[in-house]
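Take a look at the structure below.
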Amino acid sequence: FMMSSYTPTVGGTSTFVRNPHYWGKAALPSKVEFTNYADESTMAAALQAGSIDAMDQFSVAVSPQLLTGGFNVISIKAATHRQLSMRNDQAPFTDPRVRQAIALTLDRPAIVKALFQGFADVGNDSPFAPVYPSTNTSVAQRTLDIAKAKSLLAAAGHGAGFSTQLVTENFVEIPQYAQIIAQSAKEIGVNIGLKVESSSQYYGKATFGNSDWLDATMSLVDYGHRGVPNVFLTSPLETYNAKTGTGTWNAAHFANAQYDKLVAQYIAASDLGTQKTLAGQIETLLLAQTPIIFGYFYNYLTATTKGVTGVYPTAVGHLFL
């Protein structure tokens, strides 16, 4: 396609026409028009009204009506997820048993059903989503276990529970997920106060000391899909080093030399078998340490009107027509 017009404002449209000079097969549509919407709900309303033929992505939390409203729904397995970080350098989360206890309060299948109507996979507290070929599925899935969570909390010296704060952003299903986390933690006597901010306020300058995302004792953030797990393994989990630029998104302030070594080996591995072996070791280490809770990985959803086919999205946001 060739761009013929571009209006960047909300409500503005951008038009692309078929490129006669393209070297491959000519595009089927002679023209494609994109409309800019302020939010997902107005875009979904436009699709329902027939004003547009397709929307690039929608969420179950905001637009559940599209799942049963007579539209073509394209669902792609993805590694898109939320990360619940707990500051490994701040009490009481300096003790991995406390972090494990919080993780054990979550009923992950119920969360997937409630927030995504099943259009998601449960997470096992590592970045290795089911969609990745290198994910080692022999590592046992963490499940809801209130009795074990209480036992771990007592062994860590917090049998009477404690109070803390979770800071997050007002984005898609995240506020609802934060409420579920707080309600689940109450089962073991942990009181989590919620602070839900705008995305701009939450991220701040996105540097340590200047960001609620990176500085909060508990932080819940969104991560988009990646074709391989490398970014998820490095930026939020590697030991922070300003000189080398590692661990720049490490909201958990996690520092583990063995983890860093395993990730370097995983990234350098040239065959799937070696990757799976190393992935299993990483998954096991992260379950023991639990710096971050990876509760679920949700599908990338696209919708078109019934009369429109040939729209092919990718989980990183490409839209092939």
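The values are calculated or read from the model by the stated rules, or taken from the named source; none is laboratory data. The shown structure was predicted, so the numbers you read here are calculated from the model rather than taken from an experiment. Here the Cβ positions follow ideal geometry from the backbone for every residue, glycine too, while neighbour counts run over all protein chains shown. Keep in mind that these areas ignore ligands, DNA and RNA; they rest on the heavy atoms of the full protein, side chains included. Shrake-Rupley method; radii C 1.70, N 1.55, O 1.52, S 1.80 Å.
Given the residues L220, L194, L237, which is the only one that is modelled with pLDDT of 95 or more, out of contact with any Lys or Arg (no Cβ under 7 Å at 6 or more places or on another chain) and either buried (at least 19 other Cβ atoms within 10 Å of the Cβ) or aromatic (F, W, Y) (or both)? Let's see the steps before the verdict.
Working: L220 fails: out of contact with any Lys or Arg (no Cβ under 7 Å at 6 or more places or on another chain); L194 fails: either buried (at least 19 other Cβ atoms within 10 Å of the Cβ) or aromatic (F, W, Y) (or both).
Criteria check complete, one pass: L237.
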Filter the range 151-168 down to the residues that are open to solvent by less than 20 Å² (accessible area, probe 1.4 Å) and part of a helix (DSSP H, G or I) and list them by number. L153
Taking the conditions exactly as written (touching a helix residue (DSSP H, G or I) at 6+ places or on another chain (Cβ under 9 Å), closer than 25 Å to G193 by Cα and without any contact (Cβ under 8 Å) to a residue 60 or more places away in the chain), does A149 satisfy them or not? yes
Out of (1) over 15 Å from the mean Cα position of the chain (by Cα); (2) over 21 Å from V112 (Cβ atoms); (3) of a type in the set (S, T, Y), the odd one out for S184 is which? (2)
Please return the ranges of strands (runs of 3 or more DSSP E) entirely within the range 48-128 where 3 or more residues are under 30 Å from N256 (Cβ atoms) and either open to solvent by 40 Å² or more (accessible area, probe 1.4 Å) or of a type in the set (A, V, I, L, M, F, W, C) (or both). 72-86
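If a residue has to be aliphatic (A, V, I, L, M) and without any contact (Cβ under 8 Å) to a residue 24 or more places away in the chain to count, how many in the range 231-277 make the cut? Quick ask: steps written out before the conclusion?
Applying the first criterion (aliphatic (A, V, I, L, M)) to the range 231-277 yields 231, 233, 237, 242, 251-252, 255, 257, 262-264, 267-269, 272.
Retained after the next criterion (residues that are without any contact (Cβ under 8 Å) to a residue 24 or more places away in the chain): 231, 242, 257, 262, 264, 268-269.
Total satisfying the criteria: 7.
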Going through Y177, Y132, Y202 one at a time, which residue ends up being open to solvent by less than 30 Å² (accessible area, probe 1.4 Å), over 17 Å from F297 (Cβ atoms), of a type in the set (S, T, Y) and not in a strand (DSSP E or B)? Y202
Could you pull out the residue among T309, T244, T239 that is in a loop (DSSP other than H, G, I, E, B), among the hydroxyl-bearing types (S, T, Y) and touching an Asp or Glu at 6+ places or on another chain (Cβ under 7 Å)? T239
Filter the range 299-321 down to residues that are open to solvent by less than 30 Å² (accessible area, probe 1.4 Å) and within 23 Å of the chain's Cα centre (by Cα) and give me whichever is nearest to H225 (Cα to Cα). A315
Please give the number of the condition R97 fails out of (1) charged (D, E, K, R); (2) touching a helix residue (DSSP H, G or I) at 6+ places or on another chain (Cβ under 6 Å); (3) closer than 21 Å to V221 by Cβ. (3)
With respect to D56, is the statement that it is among the acidic types (D, E) and touching a residue at least 40 places away in the same chain (Cβ under 8 Å) true? yes
Do you know which of the residues in the range 23-47 that are assigned to a loop (DSSP other than H, G, I, E, B) and of a type in the set (S, T, N, Q) is surrounded by the fewest Cβ atoms within 10 Å (Cβ to Cβ)? S30
Within the range 135-150, the residues that are surrounded by 14 or more Cβ atoms within 10 Å (Cβ to Cβ) and touching a Gly at 6+ places or on another chain (Cβ under 7 Å) are N136, V139
Check I74, I111, I52, I102 and return the single one that is modelled with pLDDT of 95 or more and either of a type in the set (K, R) or over 22 Å from the mean Cα position of the chain (by Cα) (or both). I52
